[in-house]
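The values are calculated or read from the model by the stated rules, or taken from the named source; none is laboratory data. Being a predicted model, the structure only gives us computed values, none of them experimental. With ideal geometry, Cβ positions are generated from the backbone for all residues, glycine too; neighbour counts draw on all protein chains shown. Each accessible area value is taken on the protein alone, full model and side chains, heavy atoms only, with ligands, DNA and RNA left out. Shrake-Rupley method; radii C 1.70, N 1.55, O 1.52, S 1.80 Å.
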Amino acid sequence: MNLESRWATPETRAVHWKKVTLVGVGLLGGSLGLALRKRRLARSVVGFVRRRASVAECESGGAVGLATQDLKRAVEQADLIVLCTPIAQMRPLVEQMIPELKPGVIVTDVGSVKASVVRELESLLARVGAHFVGSHPMAGSERTGVAAARADLFQDAVCVITPTRDSKKAAVRKVAELWRSVGARLLRLSPQAHDDLVSRSSHLPHVLATQLVNLVLQPESPKEQALLCANGFRDTTRIASGSPEMWRDIAMANRENLLRALAAFESGLSEFKRALRGRNERAVSRFFEQARQRRDAWSAGAGSPSPE
């Protein structure tokens, strides 16, 4: 596969925004707000939220200076808008905010799928003089909501930006600088390459963790089963506690890549089953040893992971 990718290396400097709007103030949006405000990178950080109860929670926690349920008020005169909602909500929200957008506003997102988001939003925003550049910070947790947000969430995390041939260079540079200014390491990929790679490294693991929970903790299991789920089970299935709505949207938006990843996983699992059924100790040993060597090399390398 020929990937157009590179570590992005523009000049390191903080962007000082007049007004940044976070559309959705959960874990990622709240953490970005905290980081921007702590580092004094924006004069004003405003959050758009759905629930009345979220207004006070977001403001009291310091994630934003102002939280509002009024989308018009949230986005008007914004220099930067960051979409931090589930993927399926992004286009309807952008369509609502279009009449209020300031000419030249930059819009980005934190979604885990890029091709469909870029395809839908780039041309839509370009028609009104706005600039969309997709991005995906590889940071997060199984915890959700602004209460889980923290200002250092993006420190040393990889953030993928996914410009296209139609992207305005100045907008790409500013989005890159945004993520660098809150501590992230940048990687530039095409939207399609991004979706192919994360289908295996992020989306597939979530499906596997979820199915493991569904299998082991099904109601029909003996009561002793849960008592025998120790650290290995807890570590392996941590991400299954993530937002079902968010992961439904991710799976559907990246379904073709995810289906290929599942097929490849099933093929490897079938090989292991054949070795086990055939009492092939050498093949079984090779299965475990190969994985240990590869993971240890990855963990020790420069690309050591940030939690997802």
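Could you go through the range 87-98 and let me know if any residue there is in a helix (DSSP H, G or I), under 20 Å from ARG143 (Cβ atoms) and open to solvent by less than 40 Å² (accessible area, probe 1.4 Å). The answer is yes, given that some residue of the range 87-98 is in a helix (DSSP H, G or I), under 20 Å from ARG143 (Cβ atoms) and open to solvent by less than 40 Å² (accessible area, probe 1.4 Å).
Residues in the range 261-289 that are open to solvent by 50 Å² or more (accessible area, probe 1.4 Å) and either farther than 18 Å from LEU208 by Cβ or modelled with pLDDT under 95 (or both): ARG274, LEU276, ARG277, GLY278, ARG279, ASN280, GLU281, ARG282, SER285, ARG286, GLU289. Only residues that are modelled with pLDDT under 95 and either open to solvent by 90 Å² or more (accessible area, probe 1.4 Å) or farther than 19 Å from ARG143 by Cβ (or both) were counted in the range 249-260, giving 0. Among the residues of the range 120-143, the one identified as part of a loop (DSSP other than H, G, I, E, B), touching a helix residue (DSSP H, G or I) at 6+ places or on another chain (Cβ under 7 Å) and under 22 Å from GLN192 (Cβ atoms) is VAL133. Kindly establish whether ASP152 is among the charged types (D, E, K, R), assigned to a loop (DSSP other than H, G, I, E, B) and touching a Lys or Arg at 6+ places or on another chain (Cβ under 8 Å). So ASP152 fails the test.
Considering only residues of the range 222-248 that are surrounded by fewer than 12 Cβ atoms within 10 Å (Cβ to Cβ) and of a type outside the set (D, E, K, R), which is farthest from the chain's Cα centre (by Cα)? First the steps, then the outcome.
First, pick out the residues of the range 222-248 that are surrounded by fewer than 12 Cβ atoms within 10 Å (Cβ to Cβ): 222-224, 226-228, 230-232, 234-235, 244.
If we keep only those that are of a type outside the set (D, E, K, R) as well, we get 222, 226-228, 230-232, 244.
Values: PRO222: 36, ALA226: 30, LEU227: 33, LEU228: 32, ALA230: 28, ASN231: 26, GLY232: 25, PRO244: 14 Å.
Applying the filter and picking the extreme gives PRO222.
State the number of residues belonging to the range 99-118 that are surrounded by fewer than 19 Cβ atoms within 10 Å (Cβ to Cβ) and among the charged types (D, E, K, R). Selection size over the range 99-118: 2.
Every condition in (1) surrounded by fewer than 24 Cβ atoms within 10 Å (Cβ to Cβ); (2) in contact with a Pro (Cβ under 6 Å, 6 or more places away or on another chain); (3) closer than 19 Å to GLY242 by Cβ holds for PHE154 except the one numbered (1).
Any idea which residue in the range 194-213 is farthest from HIS136 (Cα to Cα), counting only those that are of a type in the set (S, T, N, Q) and buried (at least 17 other Cβ atoms within 10 Å of the Cβ)?
Filtering the range 194-213 for residues of a type in the set (S, T, N, Q) gives 199, 201-202, 210-211.
Subsequent filtering for residues that are buried (at least 17 other Cβ atoms within 10 Å of the Cβ) retains 199, 202, 210.
Numbers: SER199: 13, SER202: 12, THR210: 22 Å.
Restricting to residues being of a type in the set (S, T, N, Q) and buried (at least 17 other Cβ atoms within 10 Å of the Cβ), the top hit is THR210.
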